[in-house]
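Scroll down for the structure; my scribbles are underneath it.
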Amino acid sequence: MAAALRETGETMLTRLLKHLSSPGWWARRAFRADDLAAIGAAVKASETRHRGEIRIAIEGPLPLRALLRNDTCRARAAALFESLGVAATREANGILVYVQLVDRQVEILADRGIAAHVEQSEWDAICRQMDDAFAAGDYRLGMVNAIARITALLAQHFPASGDNPNELDDAPTML
C-alpha cells in the first residue's frame with residue numbers, strides 16, 4: 001500500500017479520515033437497486049455458459065480494523081474471497097470482483113483452478129475497463145461489461161457441462 005499511497009500522495013491519516021467521514025449509504029449510492037438487479041442477472045446468465053462461479057462485492061468505507069491495518073484493496077479482496085466462500089468452490093473456479101468505492105479501486109481475484117489458465121494481465125485489463133466506465137459515472141455498464149469479459153474467459157477454460165451447480169450467490173454483496 002505504501003507504493004499506492006505515494007502514487008496518490010495520500011497518507012494513512014488522510015485515508016483513515018476519508019473512510020471514517022464517508023457514510024456507507026453515500027459511497028454505495030453509485031449502484032442503485034435496479035443496477036444491482038441487472039448485475040445479479042448478468043452473473044446468473046453468465047454462469048449458464050461455464051462452470052465458474054462469479055461473486056461481486058461492492059464496499060463503501062472500509063471497516064475500522066482494515067483501516068488500522070492499512071489493508072490494501074487487494075488484501076481486503078483476499079479477506080472477502082475467503083469470507084464470502086469464493087475459495088470453497090468445488091473446482092477451485094471462483095472469481096471475486098471487488099469494488100472499493102471510497103478508494104476508487106477494483107480488484108479481481110481468481111481461485112487457483114482459474115489462475116492456472118488465465119494470466120493476471122487479463123484480470124488487470126478488465127479492471128482498467130471497469131475503472132474507465134466508473135470514472136465516466138457508468139457503474140452498471142462497467143460491471144456488466146466486465147462480467148461479459150469474465151464469461152468469455154471462463155467459457156473458454158471451464159465450459160458448461162451437465163453437472164453445473166450454482167455454488168455462490170449471484171446477487172452482488174453490498175458491504
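Observations on the model:
- The chain, Cα convex hull volume normalised per residue, Å³: 106 Å³
- Rounded to the nearest 0.05, the FRET efficiency derived from the C-beta distance between ALA87 and LYS18 at R0 = 35 Å is 0.75.
- The residues packed around ALA75, meaning those with a beta-carbon under 11 Å from its beta-carbon, carry a net charge of +1 if Lys and Arg are +1 and Asp and Glu are -1.
- If both residues of a DSSP beta bridge must be in region 1-126, then about 45% of such bridges are antiparallel.
- For region 131-175: rounded, prolate or oblate by the Cα gyration tensor [a/c cutoff 1.5]: oblate
- Length-normalised contact order of the chain in % [C-alpha pairs under 8 Å, at least 6 apart]: 33 percent
- Only DSSP H runs of four or more residues enter the estimate; each adds -39500 (n - 2.57), and after division by the residues of the chain the mean residue ellipticity at 222 nm equals -15000 deg cm²/dmol.
- Spacing of the modelled spin labels on ASP132 and LEU68, each 7 Å from Cα toward Cβ, amounts to 4.1 nm.
Read the figures in this text as sums done on the coordinates, not as results from a lab. In this text, all values refer to a predicted model and were calculated from it rather than measured experimentally. With ideal geometry, Cβ positions are generated from the backbone for all residues, glycine too; neighbour counts draw on all protein chains shown.
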